[in-house]
1. Scanning for something assigned to a loop (DSSP other than H, G, I, E, B) and without any contact (Cβ under 8 Å) to a residue 12 or more places away in the chain, does the stretch 274-281 turn up at least one residue?
2. From the list Glu98, Glu103, which residue is in a helix (DSSP H, G or I), of a type in the set (D, E, K, R), touching a residue at least 60 places away in the same chain (Cβ under 8 Å) and over 30 Å from Ser234 (Cβ atoms)?
3. Enumerate the pairs (first residue in the stretch 54-68 and free of Cβ contacts under 8 Å to residues at least 40 places away in the same chain; second residue anywhere and surrounded by 12 or more Cβ atoms within 10 Å (Cβ to Cβ) and of a type outside the set (D, E, K, R)) with beta-carbon separation below 7 Å, excluding pairs fewer than 6 apart on the same chain, so at least 6 apart or on different chains.
4. Can you tell me which residue within the stretch 165-200, out of those that are in a loop (DSSP other than H, G, I, E, B) and either of a type in the set (S, T, N, Q) or within 17 Å of the chain's Cα centre (by Cα) (or both), is modelled with the lowest pLDDT?
5. Filter the stretch 43-79 for residues that are touching a Phe, Trp or Tyr at 6+ places or on another chain (Cβ under 9 Å) and aliphatic (A, V, I, L, M); which is most open to solvent (accessible area, probe 1.4 Å)?
6. Pull up the stretch 201-239, narrow it to residues that are within 12 Å of the chain's Cα centre (by Cα) and not aromatic (Phe, Trp, Tyr), then point me to the one that is nearest to Leu17 (Cα to Cα).
7. Considering (1) touching a residue at least 60 places away in the same chain (Cβ under 8 Å); (2) open to solvent by 30 Å² or more (accessible area, probe 1.4 Å), say which one Thr231 fails and leave the rest.
8. Name every residue in the stretch 13-42 that is over 22 Å from Pro293 (Cα atoms), among the hydroxyl-bearing types (Ser, Thr, Tyr) and loosely packed, with under 12 Cβ neighbours inside 10 Å, in order of residue number.
Amino acid sequence: MARKHAIVKKLPIVETLGCVTVVCSDKTGTLTCNNMVVTELYTSDGRHFTCDHNNIYDDNGVLARCHGDDELTRLIEVGVVCNNAHVRDNKAMGHPTEAAILEVGLKAGLQGLADQFVRSEERAFSSEHKWMAVRSRLRSVNKFELPSNKQVWYMKGAVERVLAHCVSVSDGTPITAHHTQQLVNLAAHLGNKGLRVVAMAAGDELNQLSLAGVMAMWDPPRPEVQGSINTLMSGGVSVKMITGDAMETAVTIGRSLGLDTDGALSGDELDQLEPKHHKDIISKVSVFYRVSPKHKGMAQMMLWH
C-alpha cells in the first residue's frame, strides 16, 4: 500500500474495501463541485435572460434592470424572499442553491430586498414534496418603495411540483395546458444542458399561486470524478448515481461522467416496482433521479440482498 502512496492504519479496512462491488453516490457536492451559479432566467411571459459573474442581460445583450421590469423583478423577488441564505461582505452565504439565487438579487441591484419583508410562516423544503414556501409581508416602510402590506406566499422548487400550486402566470392569465407543456419542455431543454431548474411562484393562497418563471443553474462535475469512476468500473465495481434532480439533468451529468444512462429510473418508478423485481432491475440501472432519502435506502437495501 505504501508503494501506492496510501497510508493505512487498519489493514481490515483495505480488505473490506476490496469486497466492494457497488458504489452508490449522491450527485450534488459529491460528483459535482457543489458550487451553484445561476446562468439563465425565464420570466413567465417567456423572456430569456442570461447571467455572468456580475450582471444580467437580455437576449440582445442589453444590461437588464429590474426597476421598471415587473416580470423580472417578481421572479427575482420570489427567489430572494423564499430563501434562507444571507449576504455577508456582499457575498451570498448558505445552501448552495439558495446562495446562487440570492446572488442573482445582488446582480440585479436588489441588495437588502429580503430584509424589507417580515416572514410569518415557512414550509421547509423536503425531498418528498420538493418545494419550499414562505408567507411574508412587506414592512410598512421599505427602501424599495414597494406597494402593498398584505401577506403573500412565495414558493420555489421543482417545476412540476410548483406548477401543481399555480393557477395563473404573473400577469393574471390563467395557466392552460399549453403553458404547462411549454414550461415542461423548457425545463427538459435546460436539463439536457446539465442545468438544475428551479421554478418560482407567488400568490395570496398557497394553492392559487401565479407562476413567476424559472431560474437555471450550473454545478460542474468535479474534475477528478470521471477518472475515479473509470478506475472503479475497470476494477469490476458498479457505480450508481442517486439524485433528487430531474431526469434530464441527472442523465446529462451521468453521461458526462461515463455512466450508463440507459433506463434511468425515478423514485416514483421505484415505488411501483414489484418487490420480486427490485434487485434485478436496480442492479442494471446506473442513474436514479427525483428520489427521496427513502428511495436511496431502498436501492441500497435491495443491492445488499
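1. Yes - at least one qualifying residue is present in the stretch 274-281.
2. Among Glu98, Glu103, only Glu103 is in a helix (DSSP H, G or I), of a type in the set (D, E, K, R), touching a residue at least 60 places away in the same chain (Cβ under 8 Å) and over 30 Å from Ser234 (Cβ atoms).
3. Here the result reads Tyr57/Phe49; Tyr57/Thr50; Tyr57/Ala64; Asp58/Phe49; Asp58/Ala64; Asp59/His48; Leu63/Asn55; Leu63/Tyr57, each pair linking the stretch 54-68 to a residue that is surrounded by 12 or more Cβ atoms within 10 Å (Cβ to Cβ) and of a type outside the set (D, E, K, R).
4. Ser170
5. Checking each candidate, the answer is Leu63.
6. Asp219
7. If we test Thr231 against (1) touching a residue at least 60 places away in the same chain (Cβ under 8 Å); (2) open to solvent by 30 Å² or more (accessible area, probe 1.4 Å), just (1) comes out false.
8. Correct list: Thr16 only.
The values are calculated or read from the model by the stated rules, or taken from the named source; none is laboratory data. Since the structure is predicted, the reported quantities are computational estimates derived from the model, not experimental observations. FYI the Cβ positions are ideal-geometry reconstructions off the backbone, even for glycines, and counts take in every protein chain you see. Just so you know, the surface numbers come from the protein's heavy atoms only, side chains and all, with ligands and any DNA or RNA stripped out. Shrake-Rupley method; radii C 1.70, N 1.55, O 1.52, S 1.80 Å.
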